[in-house]
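The values are calculated or read from the model by the stated rules, or taken from the named source; none is laboratory data. Computed from a prediction, not measured in an experiment: that's the story for all the values here. Cβ coordinates were reconstructed from backbone atoms using ideal geometry, including for glycine residues, and neighbour counts include every protein chain displayed.
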Amino acid sequence: MTVQELPGAAAHRPTPPPAWKPITDPAPLLPDPEPYRVLGTDVVADVDPELLLRLHAELVRGRRYNAQATALTKQGRLAVYPSSTGQEACEVAAALVLEDRDWLFPSYRDTLAAVARGLDPVEALTLLRGDRHTGYDPREHRIAPLCTPLATQLPHAVGLAHAARLKGDDVVALAMVGDGGTSEGDFHEALNFAAVWKAPVVFLVQNNGFAISVPLAKQTAAPSLAHKAVGYGMPGRLVDGNDAAAVHQVLGEAVARARRGEGPTLVEALTYRMEAHTNADDATRYRADSEVEAWRAHDPVQLLERELTDRGLLDDAGIEQAREAAERMAAALRDRMNADPVLEPMDLFTHVYAEQTSQLREQSAALRAELDAEHDHHEHSAEAGR
Amino acid sequence: MTTAAATADGSTAKAKPASMAQALGRALRDSMSEDPTVHVLGEDVGTLGGVFRITDGLAKEFGDERCTDTPLAEAGILGAAVGMAMYGLRPVVEMQFDAFAYPAFEQLISHVAKMRNRTGGAMPLPITVRVPYGGGIGGVEHHSDSSEAYYMATPGLHVVTPATVGDAYGLLRASIASDDPVVFLEPKRLYWSKSDWSPEAPAAVEPIGRAVVRRPGRSATLITYGPSLPVCMEAAEAAVAEGWDLEVVDLRSLVPFDDETVAASVRRTGRAVVVHESSGFGGPGGEIAARITERCFHHLEAPVLRVAGFDIPYPPPMLERHHLPGVDRVLDAVARLQWEADS
Ligand SMILES: Cc1ncc(C[n+]2csc(CCOP(=O)(O)OP(=O)(O)O)c2C)c(N)n1
């Protein structure tokens, strides 16, 4: 392909220097116009039934987790929860496609991916409950802290994957971002670095239609978000984000590609946020119920359940079993979240620096004195009350 | 209690309880109707009316070219505002939360703050950047930063922060009308605080840069702004029982800084405590204390003290009450003002 010729210009133009030749034909990088699907197509025959069943159990659990966490916000046990109901296929596939040694870089909505990767459900909620920022050790689980400043985790994923490769480690980083987040500079810089460095990174964009109230059409004029990959020199892939098997397959190929040293991939999963942005948001202000209803017919859990029952891999008893397991998880989560977290105010000072500054030592002593005085005061009033 | 305010035609309009959020929205609307070059842009400011509903109704009333939902990119939003201002518009940018303004720092520091100077005065940038700031609302990580010191440290920017409903209106109007860029810091924990205010006859639009004495007193001066004003007012009331008559100065504008009002107050009282919730080290209080010392040294009965947030990253919401300076800490500081010197 050449730069578009203006009429009449060609005749006067000397032969372009060789460096003008594009290094890559953009054609293989371009996403297919139709999102990739597995469920309900011939492709599904080749998918391992065990994997499909595993995905199903995780989807059911994930759906229940979202419902439970949202209920906890209503009971005042959780400050806020950005539900991923409707997006469970992306969350679960992102977690299951990775090996233990790989890293996950979630956004603030991706609690479920972290839990599906094995993180303790309560530890995953500390940020949103408000007792700790990151309630787990990222290195232990290879899950970066849940991240609220949008897209800022993406360059981190690139750097980590690059470092792992420099050390000769066979590690892939999978970074998650929303459709809105793709407008941030960090997204573009991360893609560019990843492509130039051929870093073993997979970018998963969950295009759920909205960034809070802003629909995709006001976010980008690109034909798809997957198209954005091409300009950076990496392939873009479009997948049905409600088709767990398809997301797993596309991410799996991208991870394998990264592991082979062939560089990053940008995957756009088309999905829908069935709930409001968070429990604090009123989605009726910016979207029609009919749109939500239309997506309900393309529910990720039901899509997979139908496939599995149609193929005789799952019966009512099997579905019931998955539901019961999810119920047990929810009950345990509820119980543990109903216990008040034990907070230590002095922790405010413990992890600011490796070694406390003299100023912080002074301030922590002042707080200690305040707390002691408060404590004495309580003791006294308790005694006076006797 | 309701008060009556005089309107232009001499009639009186009843004041009724209004929130700071309502007053800010009204200021935007009035600025937009009076001046067609005023444009509002930001994330979710259109259909949704902003996550704090400050811009509610503007897109409907003025169209989505005057109140625009932008792509989600703070550097892009502020950078585009620079270009819009270069071409004669008066952009008002909404940043969604304090910490989410940081991607736009490059534009703010390198261009917004410097354009007048770089162009020898030929190209001022009348941009208002509205930033909800501060804690106390139980927000998760990155939703409670006090970023005023970063802005104050950048010459070329005005830094304005209202603490009352009336000031929210008046100061935002003045900021939008200003030919200089203004970082307009909105104390988000006061968004829903109400006081009697007449939207039919809003308070006069005052020039930015004037502090005001919110409570006269003789024993010592509390100097504060934005989210800490109600804390200081409460402390001053509580101090009466201890025999202290505290004066409270609301700065309203950190840049320009009203040395005159502050120094006059401290000269009267001889003692001063600066109160703010942003970190103390390298924070606004240090600058303010230094200015007071330079101007009032011979009038001071005690060193100028600071009551500030700890020098830590903003804590998770369940611990924030231990971090935010409250009435007790203010009173403790007042108690340390070397009162024995009096006797
Ligand atoms: C840098 C930054 N700017 C603004 C915000 C405020 N904010 C939080 S979520 C959100 C919308 C995100 O939309 P999207 O990226 O599509 O993810 P989704 O919520 O749909 O999962 C915004 C604007 C933020 N968190 N970070």
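So here's what we get for this one:
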quantity: Selected residue (criterion: surrounded by the most Cβ atoms within 10 Å (Cβ to Cβ)) from residues of the stretch B:236-262 that are assigned to a helix (DSSP H, G or I) and under 20 Å from the mean Cα position of the chain (by Cα); calculated: B:262
quantity: Residue ID - farthest from the ligand (Cβ to nearest atom), chosen from residues in the stretch A:133-158 that are within 12 Å of chain B (Cβ to nearest Cβ) and without any contact (Cβ under 8 Å) to a residue 24 or more places away in the chain; calculated: A:135
quantity: Tally, over the stretch A:199-217, of residues that are within 14 Å of chain B (Cβ to nearest Cβ), aliphatic (A, V, I, L, M) and over 17 Å from the mean Cα position of the chain (by Cα); calculated: 3
quantity: Of all residues making up the stretch A:314-361, the number that are hydrophobic (A, V, I, L, M, F, W, C) and within 25 Å of residue A:60 (Cα to Cα); calculated: 12
quantity: Qualifying position, being in a loop (DSSP other than H, G, I, E, B), under 21 Å from residue A:24 (Cβ atoms) and either polar (S, T, N, Q) or touching a residue at least 60 places away in the same chain (Cβ under 8 Å) (or both), among A:234, A:274; calculated: A:234
quantity: Verdict on residue A:63 being within 14 Å of another protein chain (Cβ to nearest Cβ) and at pLDDT 95 or above; calculated: no
quantity: Residues of the stretch A:218-244 classified as within 14 Å of chain B (Cβ to nearest Cβ) and either more than 15 Å from the ligand (Cβ to nearest atom) or not polar (S, T, N, Q) (or both), total; calculated: 5
quantity: Residue ID - nearest to the other protein chains (Cβ to nearest Cβ), chosen from residues in the stretch A:94-112 that are within 16 Å of the ligand (Cβ to nearest atom) and assigned to a loop (DSSP other than H, G, I, E, B); calculated: A:108
quantity: Total residues in the stretch A:19-58, condition of a type outside the set (Gly, Ala, Ser), in a helix (DSSP H, G or I) and modelled with pLDDT of 80 or more; calculated: 15
quantity: Residues (within 11 Å of chain B (Cβ to nearest Cβ) and buried (at least 24 other Cβ atoms within 10 Å of the Cβ)) located in the stretch A:187-198; calculated: A:187
quantity: Residue match in the stretch A:281-304 (condition: among the β-branched types (Val, Ile, Thr) and under 19 Å from residue A:88 (Cα atoms)); calculated: yes
quantity: Options B:288, B:312: the member that is within 23 Å of the chain's Cα centre (by Cα) and crowded, with 21+ Cβ neighbours inside 10 Å; calculated: B:288
quantity: Conditions (1) away from every other protein chain (no Cβ under 14 Å); (2) exposed (fewer than 12 other Cβ atoms within 10 Å of the Cβ): number failed by residue A:314; calculated: (2)
quantity: Among (1) within 9 Å of the ligand (Cβ to nearest atom); (2) surrounded by fewer than 21 Cβ atoms within 10 Å (Cβ to Cβ); (3) over 20 Å from residue B:142 (Cα atoms) - the single one residue A:215 does not satisfy; calculated: (1)
quantity: Single condition residue A:115 does not satisfy, out of (1) of a type outside the set (D, E, K, R); (2) within 14 Å of the ligand (Cβ to nearest atom); (3) outside any loop (DSSP other than H, G, I, E, B); calculated: (2)
quantity: Among (1) in contact with a His (Cβ under 8 Å, 6 or more places away or on another chain); (2) within 14 Å of chain A (Cβ to nearest Cβ); (3) assigned to a helix (DSSP H, G or I), the one test that residue B:318 misses; calculated: (1)
quantity: Tally of residues being within 11 Å of the ligand (Cβ to nearest atom), more than 22 Å from residue B:68 (Cβ to Cβ) and among the polar types (S, T, N, Q) across the stretch A:167-206; calculated: 1
quantity: Counted residues, the stretch A:237-268 - those being buried (at least 24 other Cβ atoms within 10 Å of the Cβ) and among the small types (Gly, Ala, Ser); calculated: 6
quantity: Lone unmet requirement of (1) within 21 Å of the chain's Cα centre (by Cα); (2) surrounded by fewer than 20 Cβ atoms within 10 Å (Cβ to Cβ); (3) more than 16 Å from the ligand (Cβ to nearest atom) for residue B:105; calculated: (3)
quantity: Members of the stretch A:72-93 that are assigned to a loop (DSSP other than H, G, I, E, B) and touching a helix residue (DSSP H, G or I) at 6+ places or on another chain (Cβ under 9 Å); calculated: A:75, A:77, A:78, A:79, A:80, A:81, A:82, A:83, A:84, A:85, A:86, A:87
quantity: Leading residue by the ranking (nearest to residue B:313 (Cα to Cα)) among those in the stretch A:333-345 that are within 10 Å of another protein chain (Cβ to nearest Cβ) and surrounded by 12 or more Cβ atoms within 10 Å (Cβ to Cβ); calculated: A:345
quantity: Lone qualifier among A:135, A:168, A:118 - being at pLDDT below 95 and surrounded by fewer than 23 Cβ atoms within 10 Å (Cβ to Cβ); calculated: A:135
quantity: Number of positions in the stretch B:21-43 that are at the interface with chain A (Cβ under 9 Å from one of its Cβ atoms) and farther than 28 Å from residue A:184 by Cα; calculated: 0
quantity: All positions within the stretch B:127-150 that are more than 15 Å from the ligand (Cβ to nearest atom), crowded, with 24+ Cβ neighbours inside 10 Å and not aliphatic (A, V, I, L, M); calculated: B:128, B:134, B:135, B:146, B:148
quantity: Enumerated helices (runs of 4 or more DSSP H) restricted to the stretch B:44-140, each holding at least 3 residues that are without any contact (Cβ under 8 Å) to a residue 40 or more places away in the chain, over 25 Å from residue A:284 (Cα atoms) and within 12 Å of chain A (Cβ to nearest Cβ); calculated: B:74-86
quantity: First in the stretch B:173-185 and surrounded by fewer than 24 Cβ atoms within 10 Å (Cβ to Cβ), second anywhere and in a strand (DSSP E or B), Cβ under 7 Å, 6 or more apart; calculated: B:178/B:158; B:180/B:158
